[in-house]
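Below is one structure; the comments refer to it alone.
Rule-based calculations on the coordinates, nothing more; no lab input. All of these numbers come straight from a predicted model, not from anything done at the bench. Ideal geometry is used to build each Cβ from the backbone, glycine not excepted, and the neighbour counts take in all protein chains shown.
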Amino acid sequence: MTTTLPYNPKAARFLDTAFDEELSLRRTQGRQVRALADFAARGGSRRSVTEEVALRFSVTRNHAFLLVETSCALVARLPNTLVALERGDIDLHKASKVVQLTRDVSDEVAAQVDAWLTDRLADRDPGAIRRSVSHAVQKFDPDGYRERAAKKRALRHISLDHHGETMSTLAGHLPTEVASSLYASLSRAARARRNEDKSRTLDQHRADVFAERLLAEDGHGKPRAHIHVYVDFLTLAGARDDPATLAGYGPIPDWLVREIASDPESTWSRLITDSATGQLLEAGADKYRSPASLARLIKARDRECTQPGCHRPAEFSEIDHIISWARDGKTDQHNCHSHCKGHNLLREEPGWSAVPTGDGGMIITTPSGHTYETGPEPFHEPRTGPEDDDEPEV
């Protein structure tokens, strides 16, 4: 039984005070950025500037370098992002996501990305900002993006990092679609094992499957797993070059999704969208109101856990009622959504509640009385041309 805490005005004031301080910190960071950029312009070589900042701030050289690089880029190339920081819409960590993903583009492209982001930064988490920047870079510099991607994909490697207490980290720096497919395959095998063996956690099973597959020498062939890529039909056909979406990662370029789609073992699902809103209308060939196809519709529509700031792919999440079934909540696409297990458990905490707004959207109310509205992102911008009507997504 869920216990609901009474509204506590004093607790809400504490949270509001903390957020006011957060806004003050962000604005201070904006002033700090300008000061560091001024110092970098007058303090000598970049190496000298970096070392001075490291000493003055008592931080590592790498930390100081990133701080100086971020400050200079914001002042010189990303004025709108800097204004968002000075206004308190974002903090320096979020601003750094814009800097990192525009580091290798021309000043002209950086200016286009910065202008496009003007109204797309406030009230968004770092992961969402990273995805928007990646989308914009691919949108405004597709050829440059492809060249940089080819160079980075050529740098794929495996690294080994030893830690204490007999543990080490074996990491693979791999193309996104390969890494995502491997992780999905490991997770699927781990969940199957977990159903039979509760003595190990899901993470332990996943790590054990990973090790066993790498050490296997029986030649059973490579495992394959289902990953979810969303792309409109015209992009798939080559008539458009809009980025697609890889669930759990974000935008991927049109050329990469066509490479994935050309794999003879790829499978396809037809998704019908509303051209006026970009939202999903139908998933698969079956009637979407049957239980199995309803789940398919919801997971395809949401793509990720619908909790703000959570980007766990919907295929690894659960289908949940916004208004619970016990409270006469309906089992339909308006009252059901994708929620990861952790955020599913959050609703059991005292004081949390949610009401649906339709098509999987909801308004979340926290124990302090603050509300946050969330809903699935449209698959594409609204389209009015006859050639764009009811485009299928794949």
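Shown for the chain are the DSSP H helices of 18 Å or more along their axis, judged by Cα atoms, with a mean Kyte-Doolittle hydropathy of at least -0.5: 61-77, 126-140, 202-215.
Picking from Leu55, Thr374, Asn344, whose Cα lies most toward the positive end of the charge dipole for the chain (charges on Cβ: Lys, Arg +1; Asp, Glu -1)? So the residue furthest toward the plus end is Leu55. Cross-link pairs exceeding 23 Å in C-alpha to C-alpha distance, out of Lys10/Lys97; Lys97/Lys151; Lys139/Lys341; Lys299/Lys341, comprise Lys10/Lys97; Lys139/Lys341.
Averaged over residues, the count of other Cβ atoms within 10 Å places the peptides 339-351, 134-146 in the sequence 134-146, 339-351, highest first. By the Cβ distance rule of under 4.7 Å, the chain has these cysteines without a partner: Cys72, Cys336.
Within the chain, all pairs of alpha-carbon atoms sorted by distance into 10 Å bins from zero give the percentages 4, 17, 26, 27, 19, 6, 0. Under 9 Å from the Cβ of Gln112, count the other residues' Cβ atoms, weight Lys and Arg +1, Asp and Glu -1, and hand me the total. Residues near Gln112 contribute -2 overall.
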